[in-house]
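*Asks:* Input: one structure, supplied below.
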Amino acid sequence: MPSFASPVLQFDESQLKHINDKLNDMTPQQILDWVTVTFSGLYQETAFGPSGNVITDMLSAQGNTVPVIFVDTLHHFDETLELAKRSQQKYNFELHVFKPEGCDTREQFAAKHGDELWKTDDVVYDYSVKVEPARRAYETLNAQAVITGRRKSQKGDRAS
């Protein structure tokens, strides 16, 4: 398993509480304005679903262009891949695509991990197609902050 450098920006619990309290009273547009001014090394990570597309559109409407990270699991619908291309053309953002390590195609992934890894070991599958490529993206791009479409109600491993 690769090691990843510690993030440059680190906040303690009281700092996070203060920031979250301030952001809690802001509109989504105000939050996006704040984050684009506050953080260098800012990226948006999206799978081009509804929330990610709304964020991209909001950023564009504010005159902000943020580079985009797309974790290509190699299991997306063709329509998702086409939407990624169309979004890049429309919004003119820098698109960084990261795939599972050592795999460029679904066939290569199946040869390495088996045909239906998501059925036989969903934890390894999620790590291989989502977690590892995202971590590699953050490290490779030296991402200091990442905008996602995850809501507070979608806790779990990516809640903080």
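The values are calculated or read from the model by the stated rules, or taken from the named source; none is laboratory data. Note that this is a predicted model, so its numbers are computed, not measured. Cβ sites come from the backbone with ideal geometry, for glycine too, and all protein chains shown count toward neighbours. Side chains included, ligands, DNA and RNA excluded: accessible areas come from the protein's heavy atoms. Shrake-Rupley method; radii C 1.70, N 1.55, O 1.52, S 1.80 Å.
*Asks:* I'd like the full set of residues that are in contact (Cβ under 8 Å) with a residue 40 or more places away in the chain, among the hydroxyl-bearing types (Ser, Thr, Tyr) and crowded, with 17+ Cβ neighbours inside 10 Å, limited to segment 26-71.
*Replies:* TYR43, THR46
*Asks:* Go through the residues of segment 52-61 one by one and say whether even a single one is at pLDDT 95 or above, more than 15 Å from the chain's Cα centre (by Cα) and of a type in the set (S, T, N, Q).
*Replies:* Yes, the conditions are met somewhere in segment 52-61.
*Asks:* Check segment 3-11 and report whether any residue there is among the β-branched types (Val, Ile, Thr), open to solvent by 60 Å² or more (accessible area, probe 1.4 Å) and more than 17 Å from the chain's Cα centre (by Cα).
*Replies:* yes
*Asks:* Follow-up question, since we're still on this one. Just checking, which of SER128, SER87 is at pLDDT 90 or above, under 30 Å from SER40 (Cβ atoms), open to solvent by less than 60 Å² (accessible area, probe 1.4 Å) and among the polar types (S, T, N, Q)?
*Replies:* SER87
*Asks:* Specify which of the listed residues (LEU117, LEU74) is of a type in the set (A, V, I, L, M), at pLDDT 95 or above and surrounded by 13 or more Cβ atoms within 10 Å (Cβ to Cβ).
*Replies:* So the residue among LEU117, LEU74 that is of a type in the set (A, V, I, L, M), at pLDDT 95 or above and surrounded by 13 or more Cβ atoms within 10 Å (Cβ to Cβ) is LEU74.
*Asks:* Now a separate question. Determine which member of the set ALA84, ALA134 is without any contact (Cβ under 8 Å) to a residue 40 or more places away in the chain, among the small types (Gly, Ala, Ser) and in contact with a strand residue (DSSP E or B) (Cβ under 7 Å, 6 or more places away or on another chain).
*Replies:* ALA84
*Asks:* Sticking with this structure for a sec: Among the residues in segment 133-140, are any open to solvent by 80 Å² or more (accessible area, probe 1.4 Å) and farther than 23 Å from VAL35 by Cα?
*Replies:* no
*Asks:* Among the residues of segment 90-101, count how many are more than 12 Å from the chain's Cα centre (by Cα), open to solvent by 30 Å² or more (accessible area, probe 1.4 Å) and either at pLDDT below 95 or at negative phi (or both).
*Replies:* 5
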